1. Mind checking which residues of segment 191-207 are crowded, with 22+ Cβ neighbours inside 10 Å and at negative phi?
2. Please verify whether segment 11-26 includes one or more residues that are under 30 Å from ILE229 (Cα atoms) and at pLDDT 95 or above.
3. If VAL93 satisfies every condition in (1) under 16 Å from SER195 (Cα atoms); (2) crowded, with 17+ Cβ neighbours inside 10 Å; (3) not acidic (Asp, Glu) but one, which is the exception?
4. Going through segment 133-159 one residue at a time, which ones are hydrophobic (A, V, I, L, M, F, W, C) and surrounded by fewer than 19 Cβ atoms within 10 Å (Cβ to Cβ)?
5. In this structure, does ASP336 turn out to be exposed (fewer than 15 other Cβ atoms within 10 Å of the Cβ), over 27 Å from PHE202 (Cα atoms) and of a type in the set (D, E, K, R)?
6. For residues in segment 241-266 being more than 18 Å from SER63 (Cα to Cα) and touching a Phe, Trp or Tyr at 6+ places or on another chain (Cβ under 7 Å), which is surrounded by the most Cβ atoms within 10 Å (Cβ to Cβ)?
7. Looking at the structure I just gave you, is LEU217 closer than 15 Å to ALA83 by Cα, of a type in the set (A, V, I, L, M, F, W, C) and assigned to a strand (DSSP E or B)?
8. Would you confirm, using the coordinates I've provided, whether GLY242 is touching a residue at least 12 places away in the same chain (Cβ under 8 Å), closer than 19 Å to ASN49 by Cβ and within 16 Å of the ligand (Cβ to nearest atom)?
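The values are calculated or read from the model by the stated rules, or taken from the named source; none is laboratory data. The structure presented is a predicted model; accordingly, all values stated were derived computationally and were not measured. Because the Cβ atoms are built from the backbone with ideal geometry, glycine has one as well, and the counts that use them run over all protein chains shown.
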Amino acid sequence: MESTVMSMAYKTYLKPFDEPIYIARPLLPDLADVTRQLQEVWNSQWLTNNGPKHQALEQALQSTLLVPHVSLFNNGTIALVVACRSLRLSGEVITTPFTFPATSHVLTWNNIKPIFCDIDPVTMNLDADKIESQITPGTTGILPVHVYGTPCDVGRIQEIADRYGLKVIYDAAHAFGVEVNGTGVGNFGDVSMMSFHATKTFHTAEGGALLYRDSHLRERIEFLKNFGIKNEEEVVMPGINGKMNEIQAVIGLEVLKCLAKDTSVRQDLVGIYRACLADVEGVTLLPEPPGVKGNYQYSVLRVNPRDFGCSRDEVQAQFRKYNVFTRKYFYPLCSDYPCYRHIPSASPANLPVAQQVVKEVLCLPLYGKLTPDDVERICAILKTFRRKRGA
Ligand code: T4K
């Protein structure tokens, strides 16, 4: 009798969620707090162009991210476009195919040819061992991505860059607050870009920033993000409009106040994912590297179809029936887009690891409003998809 009741309860547990469970949901501060700050913006009648909220956020982020310079932007993509310009990159830049489209597109927007290099099978970041073979006389830089917030092999990459006189720009879109042995991740390379899109741990609805140590870069970056305007009489370079406005900055200031608590909730939820899936054959979660303070931006599953008895795509399709919307970040590979697949380095033969990884990864829902019970239920549902060999 007791076991029948339990099994009925379990069946209910395995029913579809009443409301859709998305991959991400934005961290929303108390609206009253946001409104209070917006009232100040209204009173000041200063809505954009380096206003007081913008300045306050820039300073707050310099200390939060442990980096000497932060320049705010209207989104991460424009920030990355400006980063390439600020370092005068040209010709060819070595990058990863396993990323969001923005990474390779910013090179194209700068008339730079992306050269795709294969990735590490565990971290899924650019494989430092394979970078040198892609360097040619036309190479001016390396654009690695700290995918899912896992830091790249920053030491090795810098050593290669120094040896060949190359610049390094990190796409750190996912790496807000990540530290490597106590150093803010934005201190590595020449410049790093962070995205403050609504789906990121820290956000300004849309937004982004460049992080860097060299104070000489600041003036050029600030000109480039503001049409190249020096003053009312002088325009010194062909800049773009990359400015963050005061409303975005207010959202950022309020999100920042809630971030530590939200990150701790995310950390606990990742712990539950790990505990629930530890013994499930055929699925693994992205490991946390030693010495790294993570930000728990994503919960990244790898599905081995042979051992799990079901492919990543089948898992995603099955989850949809339960109202759970996972994402195949980052399928397809950038090197497989029609605009890039003609490039010789985009050939699948050059990117065997990326070609394999891109079939296996599935990002699971992760955000502060998800409950431990939700995560346990998502894991329980996932386990039902497993097909034992021979079954
Ligand atoms: N480099 C890398 C490595 C990146 O991953 C990104 C952006 C960039 C550069 C460029 O940075 P930004 O220019 O964006 O600052 C989302 C984000 O839009 C994008 O910022 C992010 N990477 C990427 C990984 O994820 P989509 O196309 O998956 O977004 P979307 O609209 O499908 O949203 C995903 C889910 O989030 C929805 O199913 C529901 C939920 N959601 C979304 C929004 C926008 C909400 O609950 N509320 C919302 O307001 O790209």
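1. VAL191, SER192, MET193, MET194, SER195, PHE196, LYS200, THR201, PHE202, HIS203, THR204
2. no
3. Going through the list (1) under 16 Å from SER195 (Cα atoms); (2) crowded, with 17+ Cβ neighbours inside 10 Å; (3) not acidic (Asp, Glu), VAL93 breaks only (1).
4. Within segment 133-159, just ILE135 meets the criteria.
5. no
6. Only one residue fits best here, namely MET244.
7. It is false that LEU217 is closer than 15 Å to ALA83 by Cα, of a type in the set (A, V, I, L, M, F, W, C) and assigned to a strand (DSSP E or B).
8. yes
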